[in-house]
Amino acid sequence: ERVRLVELGDLDVAMEAARRLSADLDAQAGRWLPDRLAAVIGDSIRHQTEILAEHVVGPLLPVLKDDGAVIVPVGALASVPWSMLPGLRGRPVTIAPSASSWLASWRSLQSGGESREKSAAAVHPLLVAGPDLRHAVPEVTEIAKIYPGSRPLTNHDATVEKTLQALDGAELAHLAAHGHHDRDNVLFSRLDLADGPLMAYDIQRLSTAPKQVVLSACDVGRTIVRPGDEILGFTAALLHIGTPTVISSVTRVVGDAATGLMTAYHRELRKGVRPAQALAAASEAEQFCPFVCFGAG
């Protein structure tokens, strides 16, 4: 019910730090690195997060106090893993394309009352494991233990059609699959499933938007920002059709780390904790967490 204008730091410096941070996180993930090189990259990651914290987060801390935040980023800041930044670590942080879209998503959740907030604790989520991803089947199998009665789609069952059918109107969906972000045509961003790719444009076939989607995949949280600061990509496609909350990564993902973090995240959801708070709690144990809560949070 109040508006306050806070002057932040240098936007160009923050943008450059965001680009370098994204490159460092990509370089760190999915490969073996010599100890000295890994240490150099780790130091660079910490340095870039400190720069971002200085120019973006620091001036806001007197206003935020102990609260969480909803951030509507611009440009390269759209791909910042905000929970890694000093001052925001452990806080519920939600990223939205605009203030009005966040408000609409928030109101849609609030209209459901407390039962909607705690829906994840009561449903059997859609769990899908894509092919050629070492951690996918163990990840969804472990998560299924948190929701007794859940039956993951794995191996040949994890097809595009079966996934889309189960995704239609789902309360909660968790997709562990290889992800690809297409910079030239963002609607061709995709997840690899057993019989082929689930494309971003396939999401438009759903008659009812899922309530929450967790994308445990590389890159599908990445965004392209067009003139007017419109954010586009696989995550944005879900938000566009009305999915209130999407959890996805803004960089490449280290598979084993993703499994531990995602399991911890679902344990928090099972308690009835809201997604942004659940992600904040789950990521506190991870030094480098590229997952971000998009939408209502």
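Here are a few things to note about the model shown:
- Of Val63, Val80, Val213, the one that fluctuates the most in a GNM where the chain has Cα springs shorter than 10 Å: Val63
- Calculated [θ] (222 nm, deg cm²/dmol) that DSSP helices of n ≥ 4 give over the chain, each run adding -39,500 (n - 2.57): -10500 deg cm²/dmol
- Chain lengthening between Ala38 and Glu1 when straightened (0.36 nm per residue, less Cα-Cα): 8.7 nm
- Solvent-accessible surface of the stretch 140-179, taken per residue with a 1.4 Å probe and all protein chains present: 44 Å².
- Where Cα atoms sit under 22 Å apart: lysine pairs in the chain separated by 8 or more or lying on different chains: 8
- Solvent-accessible surface ranking, highest first, for Trp106, Trp82 at 1.4 angstrom: Trp106, Trp82
- Heavy-atom accessible area order for Val74, Val253, largest first, 1.4 Å probe: Val74, Val253
- Surface calculation, 1.4 Å probe, protein heavy atoms: His124 sits at approximately 120 Å² accessible.
- Solvent-accessible area, 1.4 Å probe, carbon plus sulfur percent, for the chain: 52 percent
- With both residues required to sit in the chain, DSSP beta bridges show an antiparallel share near 45%.
The values are calculated or read from the model by the stated rules, or taken from the named source; none is laboratory data. Only a predicted model underlies this, so the values are computations on that prediction, with no experimental measurement involved. With ligands, DNA and RNA removed, areas are computed over all heavy atoms of the protein, side chains included. Shrake-Rupley method; radii C 1.70, N 1.55, O 1.52, S 1.80 Å.
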